[in-house]
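The values are calculated or read from the model by the stated rules, or taken from the named source; none is laboratory data. Since the model is a prediction, treat every value here as computed from it, not as a measurement. Here the Cβ is made from the backbone with ideal geometry for all residues, glycine too, and neighbour counts use every protein chain on show.
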Amino acid sequence: MEMMARAARLTFRWFMLGPIMIGLGIVLGLYLFFTVLRADPKIGIIDVPFTVITENSAFFISQMLDYARERDDIKAVVILLNSPGGGVTASEQLFLRTANLREVKPVVVSANELLASGGYMMSMGANLIYAKPSSVVGSIGVRTIFSPSPPPNESEIGTGPAKLTGGTERTLFGEIELLKESFLRIVISQRGDRLKISPEDILQALTYPGFQAKHFGLIDEIGSDVDAIRAAARLAGIDNYELVDVNAEVTKHQVEEFRRIFGTDPVFPGVETPGSPVNAAEVLGRIGRLFPPTGDAQTAGGVPGDIRISVSTPRYFYLYGVPTDAAPVE
């Protein structure tokens, strides 16, 4: 009798708990289906404000490219780009990082006022380039500032004739030619049959308004940022999607890292109170200004071409615009 009673109680418990467990399983399954499996895919938006491409700005832009690459739910990336270019190696780095991202998911560049020189080189890494009708596009070439070799100084001794200067003027021109040809090869290899302009004309380093740049095949389409986002979605094969502010996400991560390392929030010049709203791109720019590069091209007041070169040896730039303060700084 006792065994029958125990069996009856066990059966009753399963009879009562079974439907509850089944119901919980159904609820959990539906939750996972609608929140995880059926979550809308995302398009990452990287907003690169006007910037001369330096080692610092390239570092932060690379952080955003890497973030977009690593997030599986981001199915495509749109880069809002506005740059006159900058340092040769920094510009090349951004081209390579953008092309690397393109191997994993579609990338569309949407140019605003300026897509020139090293900025244009970065856009070569994308699947498609959009621009506005009046966007300034082009300036494919190299520039440098060369200071004559200083007179011999008994306190400085080099092991070779070019150790202290880096080379002669002839060396400088030879290196510029090599860099020019390298830039041209990138444009030809990435634009391919879309180019409707000769290599000789490309090397004139002219700039073109957006509609003319499209005619020459330097860009793909004339359109707005929204058009670029729709094109990215089309390349990714998605219809319903959400937008992710990659700038804000990376900025948040940087601030969290700062807190973890230093135990306090970063303080940005020009922010009145800790609660003041600050645009994510502005924060990135302020971080760059807090830690300016040494001996690199830097913006002065955010005006195109308003740069200062603080080196006395040759430095090479994929940079559009005439410097207003081009003399070497002692």
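For the reader, a short list of remarks on this structure follows.
- Subset of the range 74-98 [hydroxyl-bearing (Ser, Thr, Tyr), over 27 Å from residue 238 (Cα atoms) and crowded, with 20+ Cβ neighbours inside 10 Å]: 83, 91
- Among the residues of the range 125-136, the ones that are surrounded by 24 or more Cβ atoms within 10 Å (Cβ to Cβ) and within 12 Å of the chain's Cα centre (by Cα) come to 1 in all.
- Within the range 211-236, the residues that satisfy the criterion of being without any contact (Cβ under 8 Å) to a residue 40 or more places away in the chain and over 23 Å from residue 188 (Cβ atoms) are 226, 230, 234.
- Enumeration of residues in the range 112-131 that are more than 23 Å from residue 180 (Cα to Cα) and in contact with a Phe, Trp or Tyr (Cβ under 9 Å, 6 or more places away or on another chain): 112, 113, 131
- Test: residue in the range 193-214 that is within 21 Å of residue 101 (Cβ to Cβ) and surrounded by 15 or more Cβ atoms within 10 Å (Cβ to Cβ): no
- Among residues of the range 234-267, those that are in contact with a Phe, Trp or Tyr (Cβ under 7 Å, 6 or more places away or on another chain) and either small (Gly, Ala, Ser) or on the phi > 0 side of the Ramachandran plot (or both), counted: 0
- Failed condition for residue 103, given (1) at pLDDT 95 or above; (2) surrounded by 11 or more Cβ atoms within 10 Å (Cβ to Cβ): (2)
- Among residues that are surrounded by fewer than 23 Cβ atoms within 10 Å (Cβ to Cβ) and modelled with pLDDT of 95 or more, residue 112 is not included.
- Of the criteria (1) crowded, with 20+ Cβ neighbours inside 10 Å; (2) at pLDDT 95 or above, which one residue 143 fails: (2)
- Looking across the range 228-244, just one residue is among the acidic types (Asp, Glu) and touching a strand residue (DSSP E or B) at 6+ places or on another chain (Cβ under 6 Å), and that is 242.
- Looking only at the range 52-73, residues that are more than 16 Å from residue 124 (Cβ to Cβ) and surrounded by 24 or more Cβ atoms within 10 Å (Cβ to Cβ) come to 4 in all.
- Among all positions in the range 193-210, there is no residue which is aromatic (Phe, Trp, Tyr), in contact with a helix residue (DSSP H, G or I) (Cβ under 7 Å, 6 or more places away or on another chain), under 23 Å from residue 83 (Cα atoms) and in contact (Cβ under 8 Å) with a residue 60 or more places away in the chain.
- Selected residue (criterion: surrounded by the most Cβ atoms within 10 Å (Cβ to Cβ)) from residues of the range 237-260 that are in contact (Cβ under 8 Å) with a residue 40 or more places away in the chain, of a type in the set (A, V, I, L, M) and within 30 Å of residue 136 (Cβ to Cβ): 246
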